[in-house]
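Worksheet: the structure to be examined is printed underneath.
Taken together, the values in this text are just the output of simple stated rules run on the coordinates, not laboratory data. What you are looking at is a predicted structure, and each value in this text was computed from that prediction instead of being measured. Counting neighbours? That spans all protein chains shown, and the Cβs are built from the backbone with ideal geometry, glycine included.
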Protein chains: 2
Amino acid sequence: MRETKFLLTEKEIPTHWYNIVADMPNKPLPPLHPATREPIGPEALAPLFPMELIKQEVSQEKWVEIPDEVRNVYAKWRPTPLYRAYDFEKALDTPAKIYYKYEGVSPSGSHKPNTAVAQAYYNKMEGVKRITTETGAGQWGSALSFACQLFGIECEVYMVKISYEQKPYRKMLMNTWGANVYASPTNLTNAGRQILAEDPDSPGSLGIAISEAVERAATDPDTKYALGSVLNHVLMHQTVVGQEAVKQMEMAGDLPDIVIAPFGGGSNFAGISFPFLRLNLEEGKKIRCIAAEPSSCPKLTRGVFRYDFGDTVGMTPLLPMYTLGHNFVPAPIHAGGLRYHGAGVIVSQLLKDKLIEARAHDQLECFEAGLLFARTEGIVPAPETTHAIATAVQEAKRCKEEGKSENILIHLCGHGYFDLKAYEDYLAGNLTKHEITEEEIHASLAKLDTPIPQ
Amino acid sequence: MRETKFLLTEKEIPTHWYNIVADMPNKPLPPLHPATREPIGPEALAPLFPMELIKQEVSQEKWVEIPDEVRNVYAKWRPTPLYRAYDFEKALDTPAKIYYKYEGVSPSGSHKPNTAVAQAYYNKMEGVKRITTETGAGQWGSALSFACQLFGIECEVYMVKISYEQKPYRKMLMNTWGANVYASPTNLTNAGRQILAEDPDSPGSLGIAISEAVERAATDPDTKYALGSVLNHVLMHQTVVGQEAVKQMEMAGDLPDIVIAPFGGGSNFAGISFPFLRLNLEEGKKIRCIAAEPSSCPKLTRGVFRYDFGDTVGMTPLLPMYTLGHNFVPAPIHAGGLRYHGAGVIVSQLLKDKLIEARAHDQLECFEAGLLFARTEGIVPAPETTHAIATAVQEAKRCKEEGKSENILIHLCGHGYFDLKAYEDYLAGNLTKHEITEEEIHASLAKLDTPIPQ
């Protein structure tokens, strides 16, 4: 019998998170105060986050120990399996070996609980009663709902309205885990009311929902805020994925030549790729790490490297990032988790330093790849995840043309059980391309008056 | 760190299915021809099933080898994990140790692919072009859609109308895997038209959907039929679940005192319990095996042991089973997979011989137990699965009263990602009890004119 899965035991759940900042040749630039535009220190984040997470956010330590309480919860689904995609390879008729690391086995169906559990734990340790957050497709919101329920913390989720309407089951899942979910923009915050005044039919965006959740936390001493991507500590928590994958690829016989992950804010990509990048930085390996983004929201491939806000209204610190501008509202594609204007600071610096690659895909290409994957491997991938699969299809075809048997590793970061309406729309021919023009990108970036990093 | 999961390697996927018939003290009685009411042989099933499955249906061999092609597909998700439910135990404040075998990791989210893959394989080997089937909640229909897609067979699913409406995502999942799905009763078959003539608003039932699917297969030489439960070969295919669980409970330290599974037609219950019953029958162990059924469809606890049809219209052979009568249409509870009037032949005989137990639960009790499970263990169980959890809660409370630390094993046969509307209804207080009266059961059974087994 052929070997399909590469499994680790519970004892092999990583004991530490990997902080790539320690190994980066060029360290990330400091965040700036949104008003003064001067560099800020960790204390500026205290209204929003518990101190332990702020320490992690600015840490230069290479390894941060994972508390036993967090590892015990990880054990509900970790280590996750790594698969060889025999049937997908066969359908592509490629000499490449395709592997995927599957995070969809978590209770909420994606990699997001890896950081949600850690964040809920540190909030609980510091006596926080309530956590607010935003969510796009709902992957992050449901992960945090699950984590908060386990640690006895209230959870309040601002869900991008277009996703709230497209994915009612995500809301129900969050409710099942005891969270309160609102369609953003809401009338509950100044930020939401401001957006609604300008556009009562706003489909919302991650940037808007972040503004709402941040405002709630900033104005209520019992409430903290949690982010599901972008920030350094969030990316670091996700490195359990890649650490396991390194071991599993060694079990499978060889390290990957290419590691591919979808790209929203960076945590998904960081999670799988940073432990492989460590091998590049430490041992001189040449593993290509590719971030796959939607062509309707192409900050990595068509954005600029610049200080920008993390949210739409401009409440967060200014971060040095690849961005399309914080006012950019992407088309309402089904991959709601990728509809974010900017990239995390670390990933942006890595791209600037050419240590990673980026590629953009149209949603039709993504669903074609995702459907083929579902019909061969069995797992229906989330719309976000199909972006990485689309890149893998391109690379597998290149391998065929070049007659090369490269190892390709996909981060299969989530399943699409809650996103089947997207597949129905695709099968019915109701999806369209959402390419944006140079003029649209230029118009959005022209509104920025933020500093340009030196 | 505590040990949460007990995992087997891919090499430990069982090599054989276990056929409990070989070990039963009283063998099942023969099926009867629907018209002549005389015992029938295997040849009578030839229009509906491929010959290899018919051989398995009547086999007296204790072990049937699993083809490598089937084990290779099983490897996409098997062996499945067995968990210790620490957080659920803590919430129940019980000295009992509660374990669960989780089949929700399969591509379609339940145990059903264990037999769907085997059935699709044998149909493919015998050149079958198309398979028809029925489905209740959609677990079985989606499993067969997945299996048919892998083996290149067309799949046609008659889905009980009430579930079709309650669970639109299940239909989309089947479509994603390339199946055609119809809301049953349909106008496509004589059986469906007959039901609609009597009640144009019929919510459907598994019995009606079976009539439709069987009629299609019986009247088209290119088409065979597949059943997701009840029949002997289907139950046998599911024994991979219990064989793994026996090993995993030994890894966890001890065999269970009690094994609990939801009960629809029997395959779920058989899958986990038969390999434990084997230990009772062979080695004199005293493991209690409890089938948990809905109080709105209580064939095991309030039905009669009698020859009855497997479908509503009366096209199938007569089987000796615990039944509420083949005209019984259960209330439209959310656990659509348990809305079936009869129990499989083997399970019925085992219950008659007092080798297993049965218990009925109201849906409110089930969702209360299921919600507690979701909020402690993280996995949202399917409505069917909550019935087993409700029994486990009762047994855990008894253990507390009696001060006993028994080992309880739950068959967590499927997740509830597609059933969240049910949880929403429960949380909103919109679900009601569906107890049925003695008069209703009596009225349904009074219509039977079928033979009473001696």
_Given charges at beta-carbon only (K, R positive; D, E negative), |dipole| of region A:315-424 in Debye_ = 180 debye
_Ascending list, in nanometres, of distances separating the A:Asn180 label from those of the other copies (7 Å, Cα toward Cβ)_ = 5.0
*What dipole magnitude, in Debye to the nearest 20, does region A:180-232 give about its Cα centre under +1 on Lys/Arg Cβ and -1 on Asp/Glu Cβ?*
160 debye
*What fraction, in whole percent, of alpha-carbon pairs in the protein assembly as shown exceed 39 Å separation?*
40 percent
*Got a sec? Charge dipole of the protein assembly as shown, +1 on Cβ for Lys and Arg, -1 for Asp and Glu; which of B:Tyr102, A:Cys148, A:Asn430 is way out at the positive end?*
B:Tyr102
*Extreme residue, positive dipole direction of region B:88-240, given options B:Tyr158, B:Pro200, B:Tyr169 (C-beta unit charges)*: B:Tyr169
*With only alpha-carbon atoms counted, please give the Rg and Dmax of region A:103-258, in Å.*
16.7, 58
*Which shape class, rounded, prolate or oblate, goes with chain B when its Cα gyration tensor gives a ≥ b ≥ c as root eigenvalues, a/c under 1.5 marks rounded, and past that a/b bigger than b/c marks prolate?*
rounded
*Over all directions, what mean area does the Cα convex hull of region B:283-398 project, stated in square nanometres?*
8.5 nm²
*How large is log10 I(q)/I(0) at q = 0.16, 0.18 Å⁻¹ when the Debye formula is applied to the Cα atoms of region B:23-71, each weighted equally and without solvent?*
-0.61, -0.73
*Violating pairs (Cα-Cα greater than 27 angstrom) within the set A:Lys247/B:Lys97; B:Lys101/B:Lys354; A:Lys171/B:Lys171; A:Lys5/B:Lys286*: A:Lys247/B:Lys97; A:Lys5/B:Lys286
*Three-way shape call for region A:322-454 based on the alpha-carbon gyration tensor, with the a/c threshold at 1.5*: oblate
*Grab the residue from chain B whose Cβ hugs the B-to-A rotation axis most tightly, plus its distance in whole angstrom.*
B:Tyr417, 2
_For a test of the definition: using alpha carbon positions, the gyration tensor, and the 1.5 limit on a/c, classify region B:32-143 as rounded, prolate or oblate._
prolate
*Over region A:236-300, one equal point on each Cα, no solvent: what is log10 I(q)/I(0) by the Debye formula at q = 0.18, 0.29 Å⁻¹?*
-0.64, -1.28
*So, with +1 on the Cβ of K and R and -1 on the Cβ of D and E, and no other charges, what is the size of the charge dipole of the protein assembly as shown about its Cα centre, to the nearest 20 debye?*
920 debye
*Using the per-residue mean of other Cβ atoms lying within 10 Å as a proxy for protection, in what order, highest first, do the peptides B:53-59, A:248-254 fall?*
B:53-59, A:248-254
_Ascending list, in nanometres, of distances separating the B:Lys11 label from those of the other copies (7 Å, Cα toward Cβ)_ = 1.8
*Can you run phi through the Karplus equation (6.51, -1.76, 1.60; θ = phi - 60°) for region B:303-308 and list ³J(HN,Hα) in whole Hz, with x for Gly and Pro?*
x, 10, 8, 6, 5, 8
*Cα centroid distance between region B:243-305 and region B:328-375, in Å?*
13 Å
*Label-to-label distances across copies for B:Glu401, with labels 7 Å out along Cα→Cβ, in nm, shortest first?*
7.3
